[in-house]
Amino acid sequence: MNLLLSDPFALSQEYPENLTHTLNYGHSTCIKFNRKGDYLASGLIDGTVVVFDFETYGIARVLRGHTRSVQSLSWSRDGRYLLSSSRDWKCILWDLKDGSREKTVRFESAIWGAELHPFNHQIFIAALLDDSPTLVDFSDNTIRKHLLFSAPLQKDDEEEEDEGEDGDVRERKQDKQSTLVATFTQSGQYIFAGTSKGWLNVIDSETLQTVRSEKLTTSNIKHICFSVSGKQFLVNSSDRTIRLYNTPDLTYVDPVDWDIDVVHRFQDVVNRLQWNSVAFSSNGDYVLASTYQDAHDIYIWETTVGSLVKIIEAPREEIVDVQWDPNRTLVAATGLDHGTIYVWATVTPQRWSALAPDFVEVEENVEYEEREDEFDIIPDEVANKRKLDQEDDDEVDVVTIERVRGEFSEESFVIPVILEEDEETFDSSDSD
Amino acid sequence: MDKMDLDGPADSSGDTTDSELPSHYGNAVPDISVTKASANAKPVVATERTDLPKYVLQFVLEGHRAGVTTVKFSADGRWIATSSADKTIKIWHAENGEYETTIEGHGRGINDIAWSPDSNMLASASDDKTVRIWNVMSGRILRTLRGHTNYAYSVDFNPKGNLIASGSFDESIKIWDVKRGVCLRTLPAHSDPVSAVHFTRDGTMIVSCSHDGQIRLWDTSTGQCLKTLIEDNNSPVSCVRFSPNGKYLLSGTLDSAVRLWDYLKGRCVKTYQGHKNEKFICVPTFSITRGVWVVSGSEDGRIFFWDVQTKEVVQVLDGHKDVVLAVDAHPTKNLLVSAGLDGVVKIWIER
């Protein structure tokens, strides 16, 4: 969208309402936008990863390598690398320049999910099923795995060392929890990990020590996700509640002094629904969640007051994974039964005043008062001379490039279009 | 109004062997009179300035058998592509003017070509109503974009290389997906043939102009018209393009004027005159490698340079025997290439 010339009213629409596109390529299980929001990666049930170009709604890359369903996807900061984890116990880092496999990392157990470090595409954190969460570092061409702890840090000065250590009964009960989800903070300094017993463990990514633990809920933590700005984070747990927190000051305040208090709790008190997946809006003002089972809905809450503002209905199927484009008012979601990707966006009508330079859209009839010299007949030469004289003698700068406020200004990798390949055709239809 | 007054020679079989065509003359003697005095209309003469352009002829490239319609430097500055009414595109080295290859396949004369941003592909718009995408090195055709119902007149790649916009005599603009080769959108752009299309640096807008005298700005993602600019005398606009920073538009009109528009304010801020342009499409362009100039060919066979700020004519190059239809400036070096109805391509250099 061009920001300079667009209608300001169109830009201010807060959440999308119209289903604009449906993408059908295989059965999609999880989706992720890149930082700029112009590519969407989709992991399929047969292990293929497909990258859609959201300017053409066509396919930019098809990445084959996994043999089982894709569990999670994570983009590098510049958008060139994509990390996918799968039920075949492998994580693959793809180079999108040509679709090749940059690195493959095998694990000893099934993977819940893997997230790339926000600044370094050679480090990622993986949450494993039967094992401790692992930080993998493959800079210098070696794969180094560092095991992290699922046991929470005790508030008193004792530190838990190992999962299987002898201690009193209370400690052993806490030991038997596994980390289900782990993600880096905005700067990559800490890792936020959620466990099966509802604890949030904050682990320093340099020292790999747990620096803070907080019990957020009693049930599984299913998702932890940060807003685009990093100032808030959401926790989705099995007790059917989504909790919104303000991120504590990670740089200047000691972990011990952090305030991790709930800002809002989002739940559906009427139907007591579980939430399949959660996301923030691009500006952090709204929270999205998709519902479990029969209600084919996406709920949108507003974060300042915490009230429900909209329920978007999906056409036919239960929605599994939902994502908000980081730069536009656009929501993409995958369906459970067919794996279709639905895209909701805002639709702005054509501004008719743009079609001629002196058209203006008015609310009601206006009496036109003509100028004194409106109908004077001026010979062409005089008129031309007058026009030329009116031209500014000001400096005209045709070379310097100015950034437009609000535009995504970081360098984002453009996936090169390679036309020699043969590809299966796929179905992308526009819906109204 | 046609870009070409004469059609290419009737090529019955269409087979050409490269050995028949003369490749190039290198290092031609610069016996060109480089005058500084301006032509009839502009009274102000550029004097007393030391930073004026001093382009001289470096190479003459011959080989096309009919008038050359477009000449473009590749984005990486290594190649020159020329398209012609003889239905071929020829690729030359930018450094030494050496001939590289010929690309053939269109059924009728070619009106416009555009390089992809990675300099690997060329898009061409032709009188056979198709737009074709070629692999430059192998000369093979990659995609044929069919859909226009009349001559395809102008073509441009977006900066990411995944979209192509084409303007046509059927008064519409089509936006194509490069990868799949399908038309994504058709914009009902004008009420007369669309003579030029151009993307902004960030690819969010397309500017188009037409023989009905209007210049329109379109949003790429929604296909909606964002703004319309019109000059009072409604003379056909033959070409329009964005300035290097995307803030201004440069348009050439068939009343022998080249105008610079500030499209946010919606008015013309500079007018450049002195050349003759009343029938053909003479494409104006910017040269920003040393000094900021506006360059345009003229129907009397000359090439005019204007200073962007003062509007004075700062150099006039002579050398073509017929209308100069296209000029292009190298992205980084002080090179200029020009071509026209006489079928000859000339490279000019400023040392």
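The values are calculated or read from the model by the stated rules, or taken from the named source; none is laboratory data. Quantities reported herein were computed from a predicted structural model and do not represent experimental measurements. Note: ideal-geometry Cβ built from the backbone for every residue, glycine included; neighbour counts use all protein chains shown.
Couple of notes before you dig in:
- Take the conditions (1) surrounded by 20 or more Cβ atoms within 10 Å (Cβ to Cβ); (2) under 22 Å from the mean Cα position of the chain (by Cα); residue A:285 misses just one of them, which is (1).
- Single unsatisfied condition, residue B:217 versus (1) assigned to a loop (DSSP other than H, G, I, E, B); (2) touching a strand residue (DSSP E or B) at 6+ places or on another chain (Cβ under 9 Å); (3) closer than 23 Å to residue A:359 by Cβ: (1)
- Residue in the range B:259-273 that is of a type in the set (Lys, Arg) and surrounded by 21 or more Cβ atoms within 10 Å (Cβ to Cβ) present: yes
- Count of the range A:45-64 residues which are crowded, with 21+ Cβ neighbours inside 10 Å, more than 14 Å from every other protein chain (Cβ to nearest Cβ) and among the aliphatic types (A, V, I, L, M): 2
- Condition met for residue A:243 (among the basic types (Lys, Arg), surrounded by 15 or more Cβ atoms within 10 Å (Cβ to Cβ) and either at pLDDT below 85 or at negative phi (or both)): yes
Yes/no per residue for (1) touching a Leu at 6+ places or on another chain (Cβ under 7 Å); (2) assigned to a strand (DSSP E or B):
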| site | (1), (2) |
| --- | --- |
| A:40 | no, yes |
| A:47 | no, no |
| A:60 | no, yes |
| A:65 | no, no |
| A:68 | no, no |
| A:73 | yes, yes |
| A:78 | no, no |
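- Residue that is at pLDDT 85 or above, under 29 Å from the mean Cα position of the chain (by Cα) and not acidic (Asp, Glu), where the choices are A:343, A:366, A:404, A:417: A:343
- Filtered by the rule that a residue be more than 8 Å from every other protein chain (Cβ to nearest Cβ) and under 19 Å from residue B:307 (Cβ atoms), the range B:263-276 gives B:272, B:273, B:274, B:275.
- Checking each residue in the range B:227-261 for being within 25 Å of residue B:191 (Cβ to Cβ) and of a type in the set (D, E, K, R) picks out B:227, B:231, B:232, B:241, B:255, B:259.
- Some residue of the range A:303-326 being surrounded by 10 or more Cβ atoms within 10 Å (Cβ to Cβ), within 31 Å of the chain's Cα centre (by Cα) and within 14 Å of another protein chain (Cβ to nearest Cβ): yes
- Subset of the range A:120-140 that is in contact (Cβ under 8 Å) with a residue 60 or more places away in the chain and assigned to a loop (DSSP other than H, G, I, E, B) - its residue that is farthest from residue A:210 (Cα to Cα): A:120
- Restricting the range B:86-105 to residues that are modelled with pLDDT of 90 or more, of a type in the set (S, T, N, Q) and more than 17 Å from the chain's Cα centre (by Cα), the residue that is surrounded by the fewest Cβ atoms within 10 Å (Cβ to Cβ) is B:101.
- Residue in the range A:375-385 that is of a type in the set (Lys, Arg) and within 14 Å of chain B (Cβ to nearest Cβ) present: yes
- Top-ranked residue of the range B:208-222 - restricted to ones that are more than 11 Å from chain A (Cβ to nearest Cβ) and free of Cβ contacts under 8 Å to residues at least 60 places away in the same chain, ranked as surrounded by the fewest Cβ atoms within 10 Å (Cβ to Cβ): B:212
- Residues that are more than 9 Å from chain A (Cβ to nearest Cβ) and in contact with an Asp or Glu (Cβ under 6 Å, 6 or more places away or on another chain), drawn from the range B:155-184: B:155, B:165
- Top-ranked residue in the range B:189-207 [being within 12 Å of chain A (Cβ to nearest Cβ) and polar (S, T, N, Q); ranked as nearest to the chain's Cα centre (by Cα)]: B:200
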